[in-house]
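Mind looking over this structure? Questions follow.
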Amino acid sequence: MKSKLKYIGVVFLLIAVFGFGLAGGVLLDRYVTTAYASPNTDTRPNTDLLLQAWRIIDRNYVDRDAVEANRLTYGAISGMVDALGDTGHTTFLSPEMLKQHQNYTRGEFEGIGAQVEKKGDYIIITAPMDDSPALKAGLKPGDAILRVNGEDMTGQSVEYVIEKIIGPAGTQVTLVILDVKDNTQREITITRAKIKVNDVSWAQIPGTTIGVVRMAGFSDGVSEGLKNALNEMKAQNMTGVILDLRNNPGGLLSEAVTTTSQFLNKGNVLLQQDAQGNITETKIEAGGLATDLPMSVLINYGSASASEIVSGALQDANRAKLIGETTFGTGTVLNTFSMSDGSALLLATQEWLTPNGRVIWHKGIQPDVQVSLPAGVAPLTPGLLKTMTEQEYRAARDLQMQRAVDGLSCPNGNCATDVSKFPGKDQVIP
């Protein structure tokens with residue numbers, strides 16, 4: 001078996017033609033070759049029983065159109081993976097899903113542009129992508145997909161829901177969405193589109209000398225975009241920076257390491273722990289461009305994987321205050337095990353920790369200052385900020401960004417490193 005790609009994983013990205021499941025956020029950009037291990041006789045599946053079930057279905061199931069060999073095979077594999085209980089992490093990718101997953105790391109795909117995960121009987125939106133059809137249609141983290149083109153999705157697998165929403169750019173899909181906060185339902189029709197990932201953008205916040213850098217993902221080359229943004233900020237004499245990682249599902253580990261290294265000059269980015277408890281350190285890279293620039297970081301439930309690596313490292317180093325909501329909670333390193341038909345298993349083989357040894361898996365990174373956005377308010381992007389006056393920026397009610405600006409706008413210009421300048425973790429902004 002060749003383990004070509006590794007992932008620190010979490011959410012499913014509904015991208016190519018709405019399409020593939022990325023149970024993983026951080027792609028470890030190194031190539032590893034691993035031999036297939038002989039199965040332990042105590043854990044070997046009862047293949048005779050599996051074959052017996054197949055024969056019974058094949059001979060007796062009344063809906064003959066549903067008895068399709070490839071679909072049932074993939075369903076059996078998915079069921080085996082689901083039985084591990086590593087929901088949202090370890091997963092099975094069909095050949096099409098794997099192809100589109102690889103497209104994402106190159107920053108190109110078609111679809112509605114959202115990340116999802118399964119929670120209980122529902123498929124939940126974890127994050128709409130910047131400037132995506134999903135975001136423009138009003139999808140937000142926490143929304144549950146109830147129906148797709150009239151078909152009930154309750155209890156269905158992520159793979160099945162994705163299959164029902166798949167379609168080329170320019171075509172439409174109708175979703176019935178449940179807002180779990182107020183238990184209301186709404187129907188929306190979304191036109192799929194070709195989506196270009198613009199992972200890095202920045203703008204000066206109106207009425208301030210503070211810049212906000214939006215990182216929408218960690219695809220290949222994103223750290224170079226960050227360096228360019230930081231250099232432009234320095235040239236324009238910005239006195240502080242807000243790193244916006246909201247709704248950022250992850251990407252390449254190398255990009256997460258280089259991103260973190262722009263703001264720290266020593267220490268670790270993360271720790272990786274294997275099944276035997278052995279820990280490997282990943283060090284900060286030298287030469288960061290903004291190691292002393294006052295900063296804050298914005299996070300929410302849609303921040304996962306690489307976003308949690310970056311924010312966790314900055315929090316552990318007391319380099320920046322995290323403002324917003326608890327992150328998703330990615331915590332396993334996933335190996336990609338290629339299958340003979342072009343499909344793949346993403347299987348958890350290691351767990352990652354913050355530099356101080358904090359467990360993130362299923363727990364997430366908690367903000368230092370908890371701030372939720374008001375109902376109906378979406379995070380501001382640099383593209384929008386560039387068009388706004390100071391009054392329009394305030395009226396937009398991005399309370400998370402406003403709190404970050406207020407924290408950085410102190411007389412000594414050292415808010416990011418002076419923890420006494422910020423409220424405690426227990427303060428909640430409605």
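The values are calculated or read from the model by the stated rules, or taken from the named source; none is laboratory data. Worth saying up front: this structure is predicted, and the values here are computed from it rather than measured. Using ideal geometry, Cβ is built from the backbone for each residue, glycine included, and neighbour counts are taken over all protein chains shown.
Give the number of residues within region 385-405 that are free of Cβ contacts under 8 Å to residues at least 40 places away in the same chain and under 23 Å from the mean Cα position of the chain (by Cα).
Residues meeting the conditions: 2.
Moving to a separate point now. Got a sec? Which of Val257, Val222, Val241, Val269 is β-branched (Val, Ile, Thr), crowded, with 16+ Cβ neighbours inside 10 Å, over 22 Å from Pro355 (Cα atoms) and at pLDDT 95 or above?
Just one listed residue meets the conditions, Val241.
Go through (1) out of contact with any Asp or Glu (no Cβ under 6 Å at 6 or more places or on another chain); (2) under 21 Å from Ala304 (Cβ atoms) for Ile177 and report which single condition fails.
(1)
Here's a follow-up. Restricting attention to region 137-167, which residues are more than 20 Å from the chain's Cα centre (by Cα) and either assigned to a strand (DSSP E or B) or at pLDDT 85 or above (or both)?
Residues satisfying the conditions are Leu146, Arg147, Val148, Asn149, Gly150, Glu151, Asp152, Met153, Thr154, Gly155, Gln156.
Restricting to region 283-328, what's the tally of residues that are surrounded by 24 or more Cβ atoms within 10 Å (Cβ to Cβ) and aromatic (Phe, Trp, Tyr)?
Total satisfying the criteria: 1.
Could you list, ordered by first residue, the pairs with Cβ atoms under 6 Å in which the first is in region 373-384 and closer than 18 Å to Ala216 by Cα and the second is of a type in the set (Phe, Trp, Tyr), at least 6 apart or interchain?
From residues that are closer than 18 Å to Ala216 by Cα, the pairs are Pro382/Trp202.
May I pose another question? Which one of these is of a type outside the set (A, V, I, L, M, F, W, C) and either touching a helix residue (DSSP H, G or I) at 6+ places or on another chain (Cβ under 8 Å) or free of Cβ contacts under 8 Å to residues at least 24 places away in the same chain (or both): Thr349, Thr354?
The match here is Thr354.
Here's something else I'd like to know. Return the total of residues in region 114-134 being under 17 Å from Ile299 (Cα atoms) and not in a strand (DSSP E or B).
2
Separate question: Quickly run through region 187-222 and pick out the residues that are of a type in the set (Gly, Ala, Ser) and under 17 Å from the mean Cα position of the chain (by Cα). Talk me through it step by step, then tell me what you get.
So the first thing to find is which residues in region 187-222 are of a type in the set (Gly, Ala, Ser), and the list is 193, 201, 203, 207, 211, 216-217, 219, 221.
Scanning region 187-222 gives Ala216, Gly217, Ser219.
While we're here: Among the residues in region 74-87, are any loosely packed, with under 14 Cβ neighbours inside 10 Å, at pLDDT below 80, among the small types (Gly, Ala, Ser) and more than 17 Å from the chain's Cα centre (by Cα)?
Yes: region 74-87 contains one or more residues that are loosely packed, with under 14 Cβ neighbours inside 10 Å, at pLDDT below 80, among the small types (Gly, Ala, Ser) and more than 17 Å from the chain's Cα centre (by Cα).
Restricted to region 180-198, and to residues that are part of a loop (DSSP other than H, G, I, E, B) and surrounded by 22 or more Cβ atoms within 10 Å (Cβ to Cβ), which residue is modelled with the highest pLDDT? Outline the logic, then answer.
From region 180-198, those part of a loop (DSSP other than H, G, I, E, B) are 180-183, 192, 197-198; that's our starting set.
Those left that are additionally surrounded by 22 or more Cβ atoms within 10 Å (Cβ to Cβ): 192, 197.
Working: Arg192: 92, Val197: 65.
Of everything passing the filter in region 180-198, Arg192 is modelled with the highest pLDDT.
Restricting the search to region 374-397, which residues are surrounded by fewer than 20 Cβ atoms within 10 Å (Cβ to Cβ) and among the aliphatic types (A, V, I, L, M)?
Ala375, Val377, Ala378, Leu384, Met388, Ala395, Ala396 - these are the residues of region 374-397 that are surrounded by fewer than 20 Cβ atoms within 10 Å (Cβ to Cβ) and among the aliphatic types (A, V, I, L, M).
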